[in-house]
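Structure first, commentary second.
The values are calculated or read from the model by the stated rules, or taken from the named source; none is laboratory data. What you see is a predicted model, and the numbers here were worked out from it, not measured in a lab. Note: ideal-geometry Cβ built from the backbone for every residue, glycine included; neighbour counts use all protein chains shown. What goes into the accessible areas is simple: the full protein's heavy atoms, side chains included, and nothing from ligands, DNA or RNA. Shrake-Rupley method; radii C 1.70, N 1.55, O 1.52, S 1.80 Å.
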Amino acid sequence: MSTKIASQEMKALHFNPRKPAMTTGDRVVGAVSHTALTIWSLIVILPLLWTFMSSFKTSSEIFASPFALPSQWRFDNYVRAWSEAGIGSYFLNSVIVVGSALVIVMVLGAMCAYVLARYVFFGSKAIYYLMLAGLTFPIFLAMVPLFFVMKRIGLLNTLPGLTLVYVGFALPFTVFFLFSFFKSLPHEITEAAALDGAGEWRTFFQVMLPMAKPGLASVAIFNFLGLWNQFLIPVAINAAGPRVLSQGLAAFAGQMGYAVDFGALFAAVTVTVVPVLIVYIIFQRQLQGSVSQGTSK
């Protein structure tokens, strides 16, 4: 008898009541939301598909039937864009600059945000507010003084100089974004790590940093998008140096005058867009995480 009563109590504990019925207002909001999301998805996806299809056409096919499928899938457009237009070397330069800047800014930004969020010392608030001020400062106002600074230190028109500028450009946002993640982590975890004999460096790299993994993934994607598509900084700081992809695309489109090879141009644009899609696909699950999920692990 007692066993039967206990089983009934367990069923009652695991009983899930039915969800309340949807009202007319809920249906209207859901329909409007789905319609808006569908329209927005079409606005984003259709130009990408059109660019991808146009990358396999000739210029005459693009003007004659812009929305039709290619009569022949011309992969030679990619060959011309990669070799003749120099997109291959520009792509490699972008990977080196953006990859190096991203690694440096993520390490420095995470360390700076952790110290500002977890430690109280003289000037910590001033440093944090200076970081916030860096977010509000328009980048084009810094181009002239930045040009002379890079020229004075001998890094003008060089890839290391461009990497350094990218790090300075992305550091304030990285610190601002990760500050709240490290601020919300419980101090008991730090105390437990200290009791286990972990020092400050080990606590940061082996305990706190993995717990902020969702935030690191999010800010890494944002920084990658901002640096990969950056055009103003390379034009101002690296005008006469090895070109990155954004500079190469602009030069490729402008050097032909009126005789633009649109097939090769769209192929070059596709090469530019694909890395962004790959990075998002890799890190999209991390964007759905939270600090609480990282803590529970």
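Could you say which residue among 101, 81, 110, 68 is within 21 Å of residue 264 (Cα to Cα), in contact (Cβ under 8 Å) with a residue 12 or more places away in the chain and of a type outside the set (Ser, Thr, Tyr)? None of the others qualify; the one that does is 81.
Restricting attention to the stretch 74-119 and to residues that are in contact with a Pro (Cβ under 9 Å, 6 or more places away or on another chain), surrounded by fewer than 19 Cβ atoms within 10 Å (Cβ to Cβ) and among the hydroxyl-bearing types (Ser, Thr, Tyr), the residue that is modelled with the lowest pLDDT turns out to be 89. Taking the criterion of being more than 11 Å from residue 233 (Cα to Cα) and not polar (S, T, N, Q), the residues of the stretch 165-179 that qualify are 167, 168, 170, 171, 172, 173, 175, 176, 177, 178, 179. For residue 2, state whether it is loosely packed, with under 10 Cβ neighbours inside 10 Å, farther than 30 Å from residue 266 by Cβ, among the polar types (S, T, N, Q) and modelled with pLDDT under 85. Yes.
With a requirement of 1 or more residues that are at pLDDT 80 or above and either open to solvent by 70 Å² or more (accessible area, probe 1.4 Å) or in contact with a strand residue (DSSP E or B) (Cβ under 6 Å, 6 or more places away or on another chain) (or both), the helices (runs of 4 or more DSSP H) lying completely within the stretch 245-297 that satisfy it span 262-287.
Within the stretch 133-153, being within 13 Å of residue 173 (Cβ to Cβ), in a helix (DSSP H, G or I) and out of contact with any Pro (no Cβ under 7 Å at 6 or more places or on another chain) holds for 133, 136, 139. Across the stretch 54-71, the qualifying residues are those that are open to solvent by 60 Å² or more (accessible area, probe 1.4 Å) and out of contact with any helix residue (DSSP H, G or I) (no Cβ under 9 Å at 6 or more places or on another chain), and the one among them that is nearest to residue 251 (Cα to Cα) is 60. In the stretch 178-201, the residues that are touching a residue at least 60 places away in the same chain (Cβ under 8 Å) form Cβ pairs under 9 Å with partners that are surrounded by fewer than 16 Cβ atoms within 10 Å (Cβ to Cβ) and small (Gly, Ala, Ser), at six or more places apart or across chains, as follows: 184/292. Of the residues that make up the stretch 118-140, is at least one farther than 24 Å from residue 249 by Cα and within 18 Å of the chain's Cα centre (by Cα)? Checking the stretch 118-140: at least one residue is farther than 24 Å from residue 249 by Cα and within 18 Å of the chain's Cα centre (by Cα). Residues that are within 18 Å of residue 177 (Cβ to Cβ) and in contact with a Lys or Arg (Cβ under 8 Å, 6 or more places away or on another chain) within the stretch 74-130 comprise 117, 118, listed in sequence order.
In the stretch 154-186, how many residues are open to solvent by 10 Å² or more (accessible area, probe 1.4 Å), over 20 Å from residue 217 (Cα atoms) and either in a helix (DSSP H, G or I) or modelled with pLDDT of 90 or more (or both)? Talk me through it step by step, then tell me what you get.
At the first step, the residues of the stretch 154-186 found to be open to solvent by 10 Å² or more (accessible area, probe 1.4 Å) are 154-160, 163-165, 167-169, 171-173, 176-177, 179-181, 183-184, 186.
After this cut, where a residue has to be over 20 Å from residue 217 (Cα atoms) as well, the list is 154-160, 163-165, 186.
If we keep only those that are either in a helix (DSSP H, G or I) or modelled with pLDDT of 90 or more (or both) too, we end up with 154-160, 163-165.
Matching residues across the stretch 154-186 total 10.
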